[in-house]
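Note sheet for the following structure.
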Amino acid sequence: RMAGGPLSCWYAGDVHDRPPLSEYMVGCDIAAGTGGDQSSNSVNSVLDRRTGEQVAEYVTMHDEPKKFARSSVALCHFFYGAYLAWEHNGAVGKSFAMEILDLQYGNIYRGPRGDHLRPKSITRKPGWWNTPEALGEALDALMSGWEQGKVVCRNRLVPSEARQYVWKDGKPVHDRTINTDDESNKGKSHGDRVVAMALAYVGLRDRPYGGSGKPK
């Protein structure tokens, strides 16, 4: 335990600080991990599948994608083999995904690659593929989940980051990328926490809890 550590937890742990026995979802927003003024955070957000409650969040600016992948798998193991969803797009997402597959962690989200117009019957690829339509759907679902009490946010920064997204031409855009000419300001926040939580909720919706007996 340390003040200001990268992992925040919101649960009553046992004598070893282990979380309650349940099923969990981990959503990942991945950054380059350079740690500079224009860097964004890499974030893991952990949801309890039964309750929709956020139980943990890991935030770092200094883990390159492969190191962050190893930390993410360790976090998944800590949460009893959690279901892992991450953004696969770009070189950063590809590097993260390759490390996940090299580690042979199998409890992962697989989604159709490409835009929302592609047939859903195509082969599902490891990870979540970010398009304006997919991001809009994920953020809309998270907001609806909050309103309906299906998901509970513990970190107050998440709703704050959610309010930084605006809809422009029918697509979600982070307001700091359109409302400032200061390049250093653009790099400081990209809604990393809210995207990670949205992806955890993507996983929860992909594998919803049945509500009786063992999780289905």
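Coordinate-derived values only; no laboratory data. Remember, it's a predicted structure, so these values are computed and weren't measured experimentally. Heads up, the Cβs are rebuilt from the backbone with ideal geometry, glycines too, and the neighbour counts pull from every protein chain shown.
Values as computed for the structure displayed
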item	result
For E53, residues with placed amide H under 5 Å, excluding near neighbours	D48, V152
Total formal charge among the other residues, if their Cβ is under 13 angstrom from that of I100, Lys/Arg +1 and Asp/Glu -1	+3
Lysine pair count for segment 1-160 [Cα-Cα under 21 Å; pairs on different chains or 8 or more apart]	4
Net charge of Cβ neighbours under 12 Å - reference A198; Lys, Arg +1; Asp, Glu -1	-4
